[in-house]
Amino acid sequence: MMCFSASNSSYLRFCRFSTLSSCVHAITALLYPFIWQHTFVPVLPSKLLDFVCSPTPFIIGMLSENCAQLSNMPLSEVLLVNLDRAELSWQQGDEGTLIPRKLHKALMNALGMCLDDIGNNTKNLMISEAFIRLFVETVGHYKQHLVTQQNGVRLLQKDSFVNAVQSKSTRVFLQWFCETQMFEVFVADRLQEAPAESCGLFETRLSEHELECYTTKHSTTLRSNVKVFGKKMKGIGERFLRAA
């Protein structure tokens with residue numbers, strides 16, 4: 001999933017219009033609490049196919065019937081997800097390294113629970129909660145590094161935000177993620193909000209996570225939390241299954 005949050009160009013292909021559009025919208029929805037800041041086209045018309053050569057980042061849906069023409073186009077830094085075959089047709093080679101290994105494993109275990117024979121609504125909630133938890137674990141400590149300067153200007157101290165994490169692989173991830181436009185807009189919005197205004201679902205899950213760390217005496221550092229991430233997601237999954 002994190003490969004879609006990179007400032008590269010990504011597009012998905014599928015044979016059915018409705019399925020393709022739904023999948024492309026789902027990709028951006030799973031980025032919550034972040035918002036995709038670049039070009040977004042759920043289904044690209046065939047007459048605008050040259051648009052995939054754009055040097056700017058994009059997420060585009062493309063019908064399979066149009067994909068044969070791509071081999072003759074000057075494409076660079078693109079990721080092609082073949083939804084018909086559930087595979088990556090084109091990739092850069094680093095997609096599997098963006099998420100720290102332990103978190104990636106925990107996330108995949110959590111998503112694996114969604115393969116059970118459960119209702120679509122329950123499955124969608126489980127998937128959404130898995131990705132929200134991932135972002136809670138990786139960037140949830142951002143509030144601790146929001147400061148107000150003497151001139152009254154509030155900002156995020158990026159260096160301390162990144163270095164607060166003990167895991168080297170996660171620091172590398174945060175160094176990259178901090179430079180994305182999605183993260184910059186996310187921080188800018190939080191800097192403009194009064195503390196009482198930060199009451200969305202992400203902030204709710206973040207507060208729950210902080211309370212959990214306090215009551216169970218777990219460290220709030222990511223290195224400690226990755227050990228309980230999978231267990232936490234299993235509990236969330238079982239709760240949804242009981243409610244289904």
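The values are calculated or read from the model by the stated rules, or taken from the named source; none is laboratory data. Predicted model only: the values in this text are computed from it and were never measured. Every residue, glycine among them, receives a Cβ derived from its backbone with ideal geometry; neighbour counts consider all protein chains shown. Surface areas here come from the heavy atoms of the whole protein model, side chains and all, with no ligands, DNA or RNA. Shrake-Rupley method; radii C 1.70, N 1.55, O 1.52, S 1.80 Å.
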Matching residues, segment 141-159, being assigned to a helix (DSSP H, G or I) and either open to solvent by 40 Å² or more (accessible area, probe 1.4 Å) or touching a residue at least 60 places away in the same chain (Cβ under 8 Å) (or both): HIS141, LYS143, GLN144, LYS158, ASP159
Restricting segment 32-60 to residues that are touching a helix residue (DSSP H, G or I) at 6+ places or on another chain (Cβ under 6 Å) and touching a residue at least 60 places away in the same chain (Cβ under 8 Å), the residue that is nearest to GLU129 (Cα to Cα): PRO33
Test: residue in segment 187-205 that is at pLDDT below 85 and open to solvent by less than 40 Å² (accessible area, probe 1.4 Å): yes
Flag for ARG190 being under 22 Å from THR97 (Cα atoms), within 21 Å of the chain's Cα centre (by Cα), of a type in the set (Lys, Arg) and not in a strand (DSSP E or B): no
Single match in THR138, THR122 (criterion: of a type in the set (Val, Ile, Thr) and either over 18 Å from LEU98 (Cβ atoms) or open to solvent by 30 Å² or more (accessible area, probe 1.4 Å) (or both)): THR122
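Table: residues versus (1) touching a helix residue (DSSP H, G or I) at 6+ places or on another chain (Cβ under 6 Å); (2) closer than 30 Å to PRO57 by Cα; (3) surrounded by 15 or more Cβ atoms within 10 Å (Cβ to Cβ); (4) not basic (Lys, Arg).
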{"site": "ILE127", "(1), (2), (3), (4)": "yes, yes, yes, yes"}
{"site": "PHE131", "(1), (2), (3), (4)": "no, yes, yes, yes"}
{"site": "PHE161", "(1), (2), (3), (4)": "yes, yes, yes, yes"}
{"site": "GLN166", "(1), (2), (3), (4)": "yes, no, no, yes"}
{"site": "PHE183", "(1), (2), (3), (4)": "yes, yes, yes, yes"}
Considering residues of segment 68-103 that are assigned to a helix (DSSP H, G or I) and open to solvent by less than 30 Å² (accessible area, probe 1.4 Å) only, the residue modelled with the lowest pLDDT: LEU70
Candidate set: segment 28-56, residues that are at pLDDT below 85 and either of a type in the set (Val, Ile, Thr) or within 24 Å of PHE183 (Cβ to Cβ) (or both); chosen: the one most open to solvent (accessible area, probe 1.4 Å): PRO55
Tally of residues being open to solvent by less than 40 Å² (accessible area, probe 1.4 Å) and in a helix (DSSP H, G or I) across segment 58-67: 3
